[in-house]
Amino acid sequence: MDINKILEYQNLDSELFKIEKNLRENQDKKTATQMQNNAKVAQERSFKLNEKASELAKECENTKKQFKIQKNKMDEIFAKDVEKLSEQEIEKLMQLKDKLLQNLSILERNFAKLAENMNALLSDFNKTKNAFQMAKEQFSVSKQNYDKAVEEAEPKKQEISKKLASLEKGIDAKIIDAYKKRRNENIFPVVVALAGNCCGGCRVELSMANLSKLKEDKILKCEHCHRIIYVK
C-alpha cells in the first residue's frame with residue numbers, strides 16, 4: 001500500500017485532533033463540570049440538612065410535651081392545700097417537687113442544646129444554599145463560554161471531516177478501520193515510523209519476527225500500543 005496516503009490522512013487529521021483536544025481540555029468545560037458536581041454535592045447536603053431539621057423539630061416537639069407534663073404536675077403540687085396534708089404526705093410531696101424541678105432543669109438544658117443545634121443547622125443550610133447558588137451561576141457562565149467555543153470550532157471541524165472522508169476513499173478499508181479504532185481511544189499519532197528496532201510511538205522494541213514481518217508487509221500493528229508502524 002502507499003503509506004503516503006495514510007500519512008497525508010493523518011497529517012490532516014492532526015488538525016482535527018488538536019481542535020478536539022483543545023475542546024476536551026477547555027478550562028470552561030472543566031469549570032462547568034466541577035460546578036455541576038459542586039451543585040450536586042450542595043443539593044445532596046441540603047436534603048440531608050432538611051432530614052436533620054425534621055428530626056430536630058420532632059425532638060423539640062417531644063421535649064415541649066414533656067416540659068408541659070412536668071409543669072402541669074408542678075402546678076398540681078402548688079395547688080394542693082398543705083394544711084390538709086399530713087407530714088408524711090408533705091414530705092412525699094416535697095420529694096416529688098424536687099424530682100419535677102430536676103426534670104424541668106434537664107428539659108431546659110435540652111431546649112438550650114436543641115436551640116444551639118437549630119442555629120448551627122440554619123447556618124449550615126445558608127452556607128449550602130449559597131454554595132449551590134454560586135455553583136449554579138458559575139456553571140451557567142462556563143457552559144455558555146464552552147458552548148461558544150464548540151460552536152466556533154464546528155465549521156473548521158466540518159471542513160476537515162469532509163476532506164478526510166474524501167482521502168479515506170483511496171486508503172485500504174482495513175487500515176482505516178484500524179486507524180479509527182486507535183484514534184477513537186485518543187491515541188495520536190496512530191501511524192508512526194520504525195525508530196531503530198522500536199515502535200516510534202511507545203518505543204517498545206520489536207521482536208525479530210515482527211521486524212521481518214514489517215519489512216515484508218511494509219506496515220505492522222504494534223503489539224504494545226497498537227499503533228500502525230511503517231518503515232520510512
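The values are calculated or read from the model by the stated rules, or taken from the named source; none is laboratory data. From a predicted model like this one, the values you see are computed outputs, not experimental measurements. Note that we place each Cβ from the backbone using ideal geometry, even for glycine, and neighbour counts take in every protein chain shown.
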Do you know which residues across the stretch 172-222 are farther than 16 Å from Asn4 by Cβ, among the basic types (Lys, Arg) and in contact with a strand residue (DSSP E or B) (Cβ under 8 Å, 6 or more places away or on another chain)? Arg182, Arg203, Lys213, Lys221
Which condition number does Ile176 fail, the rest of (1) closer than 28 Å to Arg24 by Cβ; (2) exposed (fewer than 11 other Cβ atoms within 10 Å of the Cβ); (3) over 29 Å from the mean Cα position of the chain (by Cα) being met? (2)
Quick one: which residue in Lys143, Lys156 is closer than 16 Å to Phe17 by Cα and either part of a helix (DSSP H, G or I) or among the aromatic types (Phe, Trp, Tyr) (or both)? Lys156
Among the candidates Lys84, Lys29, Lys48, Lys58, residue that is exposed (fewer than 14 other Cβ atoms within 10 Å of the Cβ) and within 30 Å of the chain's Cα centre (by Cα): Lys48
Taking only the stretch 207-225 into account, find how many residues are over 18 Å from Tyr9 (Cα atoms) and assigned to a loop (DSSP other than H, G, I, E, B). 5
It is to be established whether one or more residues within the stretch 197-206 are surrounded by 14 or more Cβ atoms within 10 Å (Cβ to Cβ), of a type outside the set (D, E, K, R), assigned to a loop (DSSP other than H, G, I, E, B) and in contact with an Asp or Glu (Cβ under 9 Å, 6 or more places away or on another chain). yes
In the set Phe78, Phe67, the lone residue that is of a type outside the set (Ser, Thr, Tyr), at pLDDT below 95, surrounded by fewer than 12 Cβ atoms within 10 Å (Cβ to Cβ) and in contact with a helix residue (DSSP H, G or I) (Cβ under 9 Å, 6 or more places away or on another chain) is Phe78
Is there a residue being closer than 30 Å to Ala42 by Cβ and surrounded by 11 or more Cβ atoms within 10 Å (Cβ to Cβ) anywhere in the stretch 97-114? yes
Sort through Ala149, Ala178, Ala173 and tell me the only one that's in contact (Cβ under 8 Å) with a residue 24 or more places away in the chain and either under 23 Å from His224 (Cα atoms) or β-branched (Val, Ile, Thr) (or both). Ala178
Conditions (1) within 18 Å of Phe47 (Cβ to Cβ); (2) of a type in the set (Gly, Ala, Ser); (3) touching a residue at least 24 places away in the same chain (Cβ under 8 Å) -> Ser123 fails only (3)
